[in-house]
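Okay, so here's the structure we're looking at.
The values are calculated or read from the model by the stated rules, or taken from the named source; none is laboratory data. Since the model is a prediction, treat every value here as computed from it, not as a measurement. As a convention, Cβ positions derive from the backbone with ideal geometry for all residues, glycine included, and neighbour counts pool all protein chains shown.
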Amino acid sequence: MLKIENLTKKFGDKIAVDNISLEVESGQICAFIGHNGAGKTTTLRCIAGITGFDEGEITIDNISVKTSPIEAKKIIAYLPDNPELYEHLKGIDYLNFIADVFKIDKETRQKRVEDYAKKLEIYNELGFPISSYSHGMKQKLALVSALIHEPKLLLLDEPFVGLDPNASYQFKLIMQELASKGTTIFYSTHVLEVAEKLCSHVVIIKCGKIVESGTMEEVRGKKSLESIFLELANETNN
Amino acid sequence: MKQTIKLSLIYFKEQIYNLFKGFSKKAKAKSLPIILLLFLLITFSIGYSLYNIAESLSMLGMSQNIIIIGLFMAFFMSLMITLTDTQGVMYNSKDYDMLMSLPLKNLTIITAKYVGSYLTSMLYYSVIALPTLVVYFIFNNFTALALIFGFLSVLFMPAFSQFLTSVLGFLVNAISSKMKNKNIFRSIFSLICAVGLAVMISLSNSSIFENLFSTGFPLWFKIVFSNIYFLFMAITTSSFINFIYAFLVCLLFIILGITVILIGYKKINTALMITKVKGKPAPIVYKESNTYKMLLKKEFSTVFNSPVYCVNCLVGCIMCIVSTIVTLVVFSQFEYDPIVADIFCGIMAFCVAMCLGIAPSTSVSVSMEGSKLQILKSLPIKFKSIVLSKCSTNLILSIPSIIISVLIFGIVAKISFLTIMLIFVYLLLASFCHTMLGLLLNLKFPRLNWSSETQAVKNGVSMLLTMILDMLISIVPMIIFLVWYSHCDYLTFTIFIPIIIALQLIYAISLMLILNKKGEQIFNNISI
């Protein structure tokens, strides 16, 4: 589903992502972990078509992000780490906007909004302007908007930040449900315990380079993901 | 004190120095000379106009009055340009929470922000004030002291306009903070202030100068415009005392301005940041629409929810109507003559075109997206739809003012239907070109990391470049027209304007082609 080949992204002289390659199959939940500034967000932005890249190729369901960005964007959803939304719109107006972009018919959008918004406990707030929302509520709204077209690839940048325990739990269930239906989920996180329980696969990035990747069992062996991560971090530092 | 100075410099740097934030060294080295050259060109044009006025005044033995004319021009111009700046920096800014969490006094924060804005205003002022002083020194005998006072006076000039914008900003925000739809009210109130000021300026200008030149300075003028009066006296008489008075008045205005902002600063800002949710939420309605309509709705709500952006977008439209009325007032002072009517048709058309180019919404519409640009970039929205929605917004805002201006002028000046239509077509094309150029420049020079909307709207390279280029593109045909008219008997406006329309059409097509060919690539390369 998601294939990255020799991806390199530079910001001036600084190499943010250095020749990385990875593959995530349909139905996998893959955690993307790394220290601050490792290149997680840049990679996710390159996949989402927000940021161009210098070298390499990204394909989503065999559609190139570089040559057919609109087609690729039609089957993905991206949730940024800090969801800045159009504050002067009401929650439902924002969801209608996103649904219009993806050409979701009225009945389907109603069904999905009701389903996801109720699960995440944001449904009753949809009639209020987004400017009145807390950070967590904005995050929930952004999550609903990301799920509204049931994308084939879900790109999430630290999705659990700001969510209350119930929403966090519900979202994990939604992720598992989507994955069972064949949706690929590639998400960055610092919460290693959650990643360990939720994900089938893991990719560890350090200073723009992938230092470890594979199934969760392969990567961690008999240790915890946290100890593997710390070992790898110290190894490269030393 | 140290903290205030440090913070002031940070604000000033944020507003001006950060114009080039994100530019590569190469791009910076390329852009800076172009911007400086365009600035010099504008300053030179203003200086040249003032020189002609001073020449006429010197025949009447009143050449020293050029200071008053120049400083008034600078005052009104900077007042219109910076009307919403102070409120944008002081109220509802993104850095409010961060600053309030620091162990700093409100006075320190406000003073720093005030001084930062003051220094920016000084730059706007100096574009008119410096050529004014140069022209004055060309036509008058002067002492070394007068020269020093003259150039030091630039430091004092924004005091009064900054004070006025602070009072207006305070009133607008204090009232709006009590409303439910705060942002809409802030925009409406700011717009009312802008319209009021524009009307006041256009109505009062001629009467002020008539009184001034016939009976000298009236008492009210000495009180209201005390800083201009004392500066005038200090420069023309090399009076140290008057210079000190000017300094003290400037200081007083700054203190008063800061005091006004200090009133309820925390309370107003807190209220502005909270969206009052009263009663039941709006019903949840699922309605299908097309992407273009939704994007257009989003663009309009962005315009009308930001006072700085709203006033900035509409100030050109307001100025269109004002400049039409001013042209008609001057025109009415002449006896009706087809040649005079013809000349005024040209002046009106080119002046309105110039006003339309003051600040097209597209010149900052990408910057206004800020970090929300990633929403647009991650969605499968075609670049053409984004361009279309942004351009339509500016055209929808401009077209009513074009129609009103053309109708008022056509009816009052009794010009033929053909001429009315030609002016209308020219202005439509001019507005279209301003829109396209603004968008192209904003795509090339977006300012996405801003802490207050003022930075996105007022202190971006794209806005400055668009304004300067639009003005030049509109003023050049006017100069050619006037020069040509005075030399060729057979030239009339109805012959001249189709040529300009044809050129404008070529220009519009070129801009469209550039936007079509390069726009998407530039958009994709914008990093957030």
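Here are the numbers for this structure:
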read-out	value
Helices (runs of 4 or more DSSP H) wholly inside segment A:25-143 containing at least 2 residues that are away from chain B (no Cβ under 11 Å), within 29 Å of A:LYS3 (Cα to Cα) and in contact (Cβ under 8 Å) with a residue 12 or more places away in the chain	A:40-48
Qualifying residue in segment B:308-330 (condition: over 21 Å from the mean Cα position of the chain (by Cα), within 30 Å of B:TYR96 (Cα to Cα) and surrounded by fewer than 17 Cβ atoms within 10 Å (Cβ to Cβ))	no
Test: residue in segment B:84-97 that is among the acidic types (Asp, Glu) and within 19 Å of B:VAL127 (Cα to Cα)	yes
Residue in segment B:130-149 that is nearest to B:ILE244 (Cα to Cα), counting only those that are within 25 Å of the chain's Cα centre (by Cα) and not β-branched (Val, Ile, Thr)	B:LEU133
Test: residue in segment B:103-112 that is closer than 30 Å to B:LYS266 by Cβ, under 19 Å from the mean Cα position of the chain (by Cα) and of a type in the set (Gly, Ala, Ser)	no
The listed residue being within 29 Å of B:GLY169 (Cα to Cα) and buried (at least 21 other Cβ atoms within 10 Å of the Cβ), out of B:VAL406, B:VAL461	B:VAL461
Scope segment B:377-386; condition of a type in the set (Lys, Arg) and in a loop (DSSP other than H, G, I, E, B); matching residues	B:LYS382
Meets criteria (of a type in the set (Gly, Ala, Ser) and at pLDDT below 85) for B:ALA456	yes
Qualifying residues in segment A:53-81 (those that are of a type in the set (Ser, Thr, Tyr) and over 15 Å from the mean Cα position of the chain (by Cα)) - the one surrounded by the most Cβ atoms within 10 Å (Cβ to Cβ)	A:THR59
Wholly enclosed helices (runs of 4 or more DSSP H) of segment B:287-376 bearing at least 2 residues of a type outside the set (Gly, Ala, Ser) and facing another protein chain (nearest Cβ under 10 Å)	B:291-304
Residue check, A:GLN176 more than 14 Å from every other protein chain (Cβ to nearest Cβ), under 27 Å from A:THR42 (Cα atoms) and under 17 Å from the mean Cα position of the chain (by Cα)	yes
Helices (runs of 4 or more DSSP H) completely within segment B:92-153 that count 2 or more residues being surrounded by 21 or more Cβ atoms within 10 Å (Cβ to Cβ)	B:106-139, B:144-152
Filter result (closer than 26 Å to B:PRO283 by Cβ and either more than 10 Å from chain B (Cβ to nearest Cβ) or surrounded by fewer than 20 Cβ atoms within 10 Å (Cβ to Cβ) (or both)) within segment A:144-163	A:VAL144, A:LEU147, A:ILE148, A:GLU150
Selection from segment A:44-97 of residues that are over 30 Å from A:GLY136 (Cβ atoms) and out of contact with any Ser or Thr (no Cβ under 8 Å at 6 or more places or on another chain)	A:GLY52, A:THR59, A:ASP61, A:ASN62, A:ILE63, A:SER64, A:LYS66, A:THR67, A:SER68, A:PRO69, A:ILE70, A:GLU71
Residue match in segment A:160-168 (condition: outside any helix (DSSP H, G or I) and closer than 17 Å to A:HIS35 by Cβ)	yes
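Quick grid of which residues meet (1) farther than 19 Å from A:SER21 by Cβ; (2) touching a residue at least 40 places away in the same chain (Cβ under 8 Å):
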{"residue": "A:HIS149", "(1), (2)": "yes, yes"}
{"residue": "A:VAL161", "(1), (2)": "yes, yes"}
{"residue": "A:GLU177", "(1), (2)": "yes, no"}
{"residue": "A:LYS197", "(1), (2)": "yes, no"}
{"residue": "A:VAL203", "(1), (2)": "no, yes"}
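Conditions (1) exposed (fewer than 14 other Cβ atoms within 10 Å of the Cβ); (2) away from chain A (no Cβ under 14 Å), marked per residue:
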position: B:ILE479; (1), (2): yes, yes
position: B:VAL483; (1), (2): yes, yes
position: B:ILE497; (1), (2): no, yes
position: B:ILE501; (1), (2): no, yes
position: B:GLU520; (1), (2): no, no
position: B:ILE526; (1), (2): no, no
